[in-house]
Amino acid sequence: MKHTKVKDLLNGAAMLNEVNAKGWVRTFRNNQFIALNDGSTINNIQCVVDFENTPEETLKRITTGAAVSVTGTLVESKGAGQKFEIQVSKLEILGDSDAEKFPMQPKKHSLEFLRENAHLRVRTNAFGAIMRVRSVLSFAVHQYFQNKGFVYVNTPIITGSDAEGAGEMFKVTALPFENTPKTEEGKINYKEDFFGKETNLTVSGQLEAETFAMALGQVYTFGPTFRAENSNTSRHLAEFWMIEPEVAFNDLNDNMDLAEDFIQYVIKYVLENCKDDLSFLESRLLDEEKQKPQAERSEMGLLDKLNFVLENNFKRVSYTEAIDILRDSTPNKKKKFNYIIEEWGADLQSEHERFLVEKHFKCPVILFDYPANIKAFYMRLNEDGKTVRAMDILFPGIGEIVGGSQREERFDVLIEKMKVLGIDEEELWWYLDTRRFGSAVHSGFGLGFERLVLFVTGMTNIRDVIPFPRTPGSAEF
């Protein structure tokens, strides 16, 4: 008999019919009641075993984590907490299960413990919910852009350019670590390497996506990116996924419109399609909040926070106006900020971004026209000569979630900016060609997918919203 997903069984469509379900045992009570989950839903289905007619040896093997197949009749449940259950007529243990050694016992585990068992943590309710939400969000990303006529572009993972100019990149090489070929100057001779030049894992697909936007009009990337930043914080990963649309003929205002519409679309989609998982994650978050001192508790629940983004237009504020607001704010005057705002040109920190969103404007905020010296070389220089057409979107509880800009389309201005920053023109000759041949106004943005999943699930550590986190000193799985 073909098995039916637990999610479908809980709809009751097969009421009073013989059904088969396969999954993993979450709990087994009183030698009779199995809570079975197959990953299709956060909810378990209760399977009632005829323990009097089931061999004792079989009952002993029904342990937490065991994979089982149950066949029986779907009936209305007499117990509280579930509408339907399976009255089991046939039970089969599908594989071995060592109850004494299985780490995911039916109790609350610390997140750190679960990270150490990342290969099994998805069997818990929390991580099952997070990964289902991540999957639905991923689908929504593609659906949004495909519905808008964007072309999906797979940009290179191995690259010779550093789009961000940060220098924190993982090197890709086939050279031997012993007796590495050197130049006469004693430097590594990359001409003898696989690609004949120095190459790295990409930090962004933006530059390559721009070249496609100049032919296809509107494109997007959605792929893995890498940062070799030796940072062990709750906001950093060495490997993460980036969503990066690039649109020809869009200026900064068009870019802000696109980003706002996109974010609201994917959040609405997940609210409509992950109700059970989000409800569970909200309850989990409320339980965590209760453990905190009153002053540290969040003012909004998870669903309130998501609806907050949907129900409020994003406030558009210039960097200059934001600096004035922050400089005159009570926490700045009373030196409550960790980073005091004293003058124009300061690089805003998460505490400043959250103040603007949560305390001052009380809605999502888009900051624009940042100082040129704190932003990347490819951002369009404004007429004032000191600011660029950059934009950041700020969210409650998380701060910056999107960074983007109108790109510098003027060849001479781009060349001058590259000279000032010491960026080698020869390394980016192909990028400069897009300004030589048929240049046009264009814009784009980048959204770290894990940041989005973090916001939507209410988790507080980015390592908990990616299947196998890569961080300094950790590449276990």
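Among the residues of region 69-120, those identified as in a loop (DSSP other than H, G, I, E, B), in contact (Cβ under 8 Å) with a residue 60 or more places away in the chain and of a type in the set (A, V, I, L, M, F, W, C) are Leu94, Ala118.
Inspect region 177-190 for any residue being of a type outside the set (S, T, N, Q), touching a Lys or Arg at 6+ places or on another chain (Cβ under 7 Å) and either in a loop (DSSP other than H, G, I, E, B) or at positive phi (or both) and give the result as yes or no. No - not one qualifying residue is present in region 177-190.
Scanning region 197-210 for residues that are more than 18 Å from Val141 (Cβ to Cβ) and in contact with an Asp or Glu (Cβ under 8 Å, 6 or more places away or on another chain) yields a count of 4. From the list Ala13, Ala21, Ala67, exactly one residue is more than 19 Å from Phe280 (Cβ to Cβ) and within 31 Å of the chain's Cα centre (by Cα). Which is it? Checking each option against the conditions leaves just Ala67. On inspection, Ala140 passes the criterion of being open to solvent by less than 30 Å² (accessible area, probe 1.4 Å), at pLDDT 95 or above and either among the charged types (D, E, K, R) or out of contact with any Gly (no Cβ under 8 Å at 6 or more places or on another chain) (or both). Is it true that Phe337 is in contact with a Phe, Trp or Tyr (Cβ under 9 Å, 6 or more places away or on another chain) and without any contact (Cβ under 8 Å) to a residue 60 or more places away in the chain? In short, yes. Just name the residue that is modelled with the lowest pLDDT out of those in region 1-55 that are assigned to a loop (DSSP other than H, G, I, E, B), closer than 29 Å to Asn273 by Cβ and among the charged types (D, E, K, R). Of everything passing the filter in region 1-55, Lys2 is modelled with the lowest pLDDT.
The residue that is farthest from the chain's Cα centre (by Cα), among those in region 219-246 that are open to solvent by 50 Å² or more (accessible area, probe 1.4 Å) and modelled with pLDDT of 95 or more, is Glu239. Restricting Lys315, Lys268 to those that are closer than 22 Å to Val465 by Cα, surrounded by 14 or more Cβ atoms within 10 Å (Cβ to Cβ), modelled with pLDDT of 95 or more and charged (D, E, K, R) reduces the list to Lys268. When you look at Glu56, is it over 30 Å from Ile462 (Cα atoms) and not small (Gly, Ala, Ser), yes or no? For Glu56, the condition - over 30 Å from Ile462 (Cα atoms) and not small (Gly, Ala, Ser) - is met. In the set (1) closer than 25 Å to Asn253 by Cβ; (2) open to solvent by 60 Å² or more (accessible area, probe 1.4 Å); (3) under 27 Å from the mean Cα position of the chain (by Cα), the condition left unmet by Phe377 is number (2). With respect to Ala295, determine if the residue is open to solvent by 80 Å² or more (accessible area, probe 1.4 Å), modelled with pLDDT under 95, more than 18 Å from the chain's Cα centre (by Cα) and not hydroxyl-bearing (Ser, Thr, Tyr). Here the answer is yes, as Ala295 does meet what is asked.
Go through region 437-461 and report how many residues are surrounded by 21 or more Cβ atoms within 10 Å (Cβ to Cβ) and among the polar types (S, T, N, Q). So the count comes out to 2.
What residue, among those in region 462-477 that are within 11 Å of the chain's Cα centre (by Cα) and open to solvent by 20 Å² or more (accessible area, probe 1.4 Å), is farthest from Gly128 (Cα to Cα)? Residue satisfying both the conditions and the ranking: Arg463.
So for region 408-425 (the condition being of a type in the set (Asp, Glu), over 30 Å from Arg121 (Cα atoms) and in contact with a Lys or Arg (Cβ under 7 Å, 6 or more places away or on another chain)), does at least one residue qualify? Within region 408-425, one or more residues are of a type in the set (Asp, Glu), over 30 Å from Arg121 (Cα atoms) and in contact with a Lys or Arg (Cβ under 7 Å, 6 or more places away or on another chain).
Cβ separations smaller than 6 Å between residues 6+ apart or across chains give the following pairs from region 375-386 residues that are closer than 22 Å to Val402 by Cα to residues that are part of a loop (DSSP other than H, G, I, E, B) and modelled with pLDDT of 95 or more: Tyr378/Glu408; Arg380/Glu408.
The listed residues are Lys83, Lys78, Lys7, and the only one of them that is of a type in the set (D, E, K, R), within 30 Å of the chain's Cα centre (by Cα), open to solvent by 80 Å² or more (accessible area, probe 1.4 Å) and over 30 Å from Ala475 (Cα atoms) turns out to be Lys7.
Screening the candidates Thr64, Thr58 for the property of being among the β-branched types (Val, Ile, Thr), open to solvent by less than 50 Å² (accessible area, probe 1.4 Å) and assigned to a loop (DSSP other than H, G, I, E, B) yields one hit, Thr64.
Taking the listed residues Pro176, Pro156, the one that is in contact with a Ser or Thr (Cβ under 8 Å, 6 or more places away or on another chain) and open to solvent by 30 Å² or more (accessible area, probe 1.4 Å) is Pro156, with no other qualifying. The residues of region 415-436 that are within 32 Å of the chain's Cα centre (by Cα) and open to solvent by 70 Å² or more (accessible area, probe 1.4 Å), listed by number, are Leu421, Glu427.
The values are calculated or read from the model by the stated rules, or taken from the named source; none is laboratory data. Everything numeric in this text was worked out from a predicted model, so none of it was measured. Note that each Cβ is placed from the backbone with ideal geometry, even for glycine, and that neighbours are counted across all protein chains shown. For accessibility, only protein heavy atoms count, side chains too; no ligands or nucleic acids. Shrake-Rupley method; radii C 1.70, N 1.55, O 1.52, S 1.80 Å.
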